[in-house]
């Protein structure tokens, strides 16, 4: 595998930013690795970070490079700061950056497939919210999406009186607007997508039963059930920490519809 730190300029953000990228490499003599590559345009996982992290965190806290090696899967990890993958009311347009600019730039730099069946998105916590929002609002772009301990019920999470320290951040992100019933409300988005004829990305959702976002995850699970939206849901003991995410990103990768390449 090739591991690349990529610094580039974003026209949307008006500043220099970064993404961390893992690319498949076929090797025959690398000890301890089973690398695969089709030598074609690569299947790609866009992997999103949480609220307190950046584009380097998945590679620092997990063995994601090793986990994707035998799948021949490229991984693109962007940096969106504390934006909740949203066009901020008082800040930058991170939703536009993520969904419009980033894929074009990444594919101009690296040999990544544009085909829907070759593209996936996942993330943890804030990144789980971003991953499901991206897949559900642009279902023509992704075959599957995953949320690990995601903040999936933002309409209520942003108003949670038990988290007063987050109120200033949510004010910057959402301003004064009501989230419920909008495109930033995943419970609303999944219900709307279920009504139409658009393709439906496969969804994988997991959360620990001791996680402070457990109720968010139950709310989203129930919304999928009410909308009759297919969902792979996993829960069990666990809290909001990297031991849980390191284990469950492996489960997610095994679940992905990625054929092993010869």
Would you point out which residue out of 222, 246 is surrounded by fewer than 14 Cβ atoms within 10 Å (Cβ to Cβ) and either more than 19 Å from residue 139 (Cβ to Cβ) or in contact with a helix residue (DSSP H, G or I) (Cβ under 7 Å, 6 or more places away or on another chain) (or both)?
-> 222
Kindly check whether there is at least one residue in region 156-171 that is touching a residue at least 60 places away in the same chain (Cβ under 8 Å) and closer than 27 Å to residue 120 by Cβ.
-> no
Restricting attention to region 162-176, which residues are within 20 Å of the chain's Cα centre (by Cα) and part of a loop (DSSP other than H, G, I, E, B)?
-> none
State which residue is farthest from the chain's Cα centre (by Cα) when the search covers only region 1-22 and only residues that are crowded, with 18+ Cβ neighbours inside 10 Å and within 19 Å of residue 69 (Cβ to Cβ).
-> 1
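Would you tally the residues in region 177-219 being over 18 Å from residue 137 (Cα atoms), out of contact with any helix residue (DSSP H, G or I) (no Cβ under 7 Å at 6 or more places or on another chain), without any contact (Cβ under 8 Å) to a residue 60 or more places away in the chain and not in a helix (DSSP H, G or I)? Outline the logic, then answer.
Residues of region 177-219 that are over 18 Å from residue 137 (Cα atoms), as a first pass: 177-178, 206-219.
Those left that are additionally out of contact with any helix residue (DSSP H, G or I) (no Cβ under 7 Å at 6 or more places or on another chain): 177-178, 209-215, 217-218.
If we keep only those that are without any contact (Cβ under 8 Å) to a residue 60 or more places away in the chain as well, we get 178, 209-210, 212, 214, 218.
With not in a helix (DSSP H, G or I) added as a condition, the list becomes 178, 209-210, 212.
Qualifying residue count for the region: 4.
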Does residue 150 fit the bill of being on the phi > 0 side of the Ramachandran plot and surrounded by 15 or more Cβ atoms within 10 Å (Cβ to Cβ)?
-> no
Might you check whether a residue that is closer than 16 Å to residue 42 by Cβ, at pLDDT 95 or above, touching a strand residue (DSSP E or B) at 6+ places or on another chain (Cβ under 7 Å) and surrounded by 23 or more Cβ atoms within 10 Å (Cβ to Cβ) occurs anywhere in region 76-88?
-> yes
Pairs, please: C-beta under 6 Å, at least 6 apart or cross-chain, first residue closer than 16 Å to residue 184 by Cα and in region 84-104, second at pLDDT below 95 and part of a loop (DSSP other than H, G, I, E, B)?
-> 89/175
Does at least one position in region 58-68 carry a residue that is out of contact with any helix residue (DSSP H, G or I) (no Cβ under 9 Å at 6 or more places or on another chain), more than 30 Å from residue 166 (Cβ to Cβ), at pLDDT 95 or above and surrounded by 18 or more Cβ atoms within 10 Å (Cβ to Cβ)?
-> no
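Only one of 145, 155 is at pLDDT below 95, in contact with a helix residue (DSSP H, G or I) (Cβ under 8 Å, 6 or more places away or on another chain), surrounded by 16 or more Cβ atoms within 10 Å (Cβ to Cβ) and not in a loop (DSSP other than H, G, I, E, B). Can you tell me which? Spell out how you get there, then give the answer.
Working: 145 fails: at pLDDT below 95.
Of the residues listed, the single one that is at pLDDT below 95, in contact with a helix residue (DSSP H, G or I) (Cβ under 8 Å, 6 or more places away or on another chain), surrounded by 16 or more Cβ atoms within 10 Å (Cβ to Cβ) and not in a loop (DSSP other than H, G, I, E, B) is 155.
Is there a residue being farther than 30 Å from residue 90 by Cα and more than 19 Å from the chain's Cα centre (by Cα) anywhere in region 42-62? Working first, answer last.
Within region 42-62, the first condition is being farther than 30 Å from residue 90 by Cα, and the residues that meet it are 42-44, 59-62.
Add one more test, that the residue is more than 19 Å from the chain's Cα centre (by Cα), and what stays is none.
The answer is no, given that none of the residues of region 42-62 is farther than 30 Å from residue 90 by Cα and more than 19 Å from the chain's Cα centre (by Cα).
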Candidate set from region 225-242 (those that are within 18 Å of the chain's Cα centre (by Cα) and outside any loop (DSSP other than H, G, I, E, B)); member that is nearest to residue 48 (Cα to Cα) = 242
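The values are calculated or read from the model by the stated rules, or taken from the named source; none is laboratory data. On a predicted model such as this, the values are computed, not experimentally measured, just so you know. Please note: Cβ atoms are built from the backbone with ideal geometry, for glycine as well, and neighbour counts cover all protein chains shown.
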